[in-house]
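Reading through the structure tokens given below for one structure.
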Amino acid sequence: MAFKLADMWAKITGLESRLAEADKTELTNFKASVTAQVDKLQSDLTEANATIASLGNDKTALNAQVAELTGKLSDANKLELDSKAALLKHLSELPGHADYKAGGAKAGATLAELITAEQNATNAAIAATGVKVDKLPAGGKAPEAANKPSNLTEACLKANKKA
């Protein structure tokens, strides 16, 4: 049997009309107490429903953020995998770096390890040329010798262009 508020109110109202005056006061006080509690419960229910609606909106927003971040993470993972593949391919083709080939001891290196290996290989290659790195121009600036004319004719042509 389900409890219905309408049935309870009907019973209380029916009892009020049949009771003696002293009992009516007690019943009226009880009815007021029940009414206050029902009003409080209704208010709490309204507040709970508003909270649930707000949480639903928050969930929707969070789901959108999760989807966006998942996409970005997927892109980042692809970029890392592509970078690792490119570095592994390059390193494996360098003399003395066969351990970076598929199945090699260093084929499972992390991206940071591959970058370090690439830097080391580049530094070793530059050192093998005998070029002094500190003598190279920085930032794409041409060395001064490159700006000097090689003969008098070239010097005159350059001077005329400046004027």
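For segment 46-144, what ratio Rg/Rh do Cα atoms give with a Kirkwood hydrodynamic radius?
On the way: Rg = 24.6 Å, Rh = 18.0 Å.
Radius of gyration relative to Kirkwood radius: 1.37.
What's the exposure ranking of Leu88, Leu41, going from fewest to most Cβ atoms within 10 Å?
Leu41, Leu88
When only Cα pairs under 8 Å and 6 or more residues apart are kept, what is the percent relative contact order across segment 5-128? Walk me through the numbers on the way to the answer.
On the way: 35 pairs, mean separation 15.3, N = 124.
Relative contact order for segment 5-128 comes out at 12 percent.
Compute the whole-percent fraction of alpha carbon pairs in segment 29-86 spaced more than 19 Å apart. Kindly include the intermediate steps, with their values, before the conclusion.
Details: 1035 of 1653 pairs.
Value for segment 29-86 (Cα pairs over 19 Å): 63 percent.
Less than 15 Å Cβ to Cβ from Gly96, Lys/Arg counted +1 and Asp/Glu -1: what total charge do the surrounding residues give?
Working: positive: Lys101, Lys106; negative: Glu93, Asp99, Glu118.
The answer is -1.
Values quoted throughout were computed directly from the atomic coordinates according to the rules given, and no laboratory measurement underlies them. These figures come from a predicted structure and were not determined experimentally. FYI the Cβ positions are ideal-geometry reconstructions off the backbone, even for glycines, and counts take in every protein chain you see.
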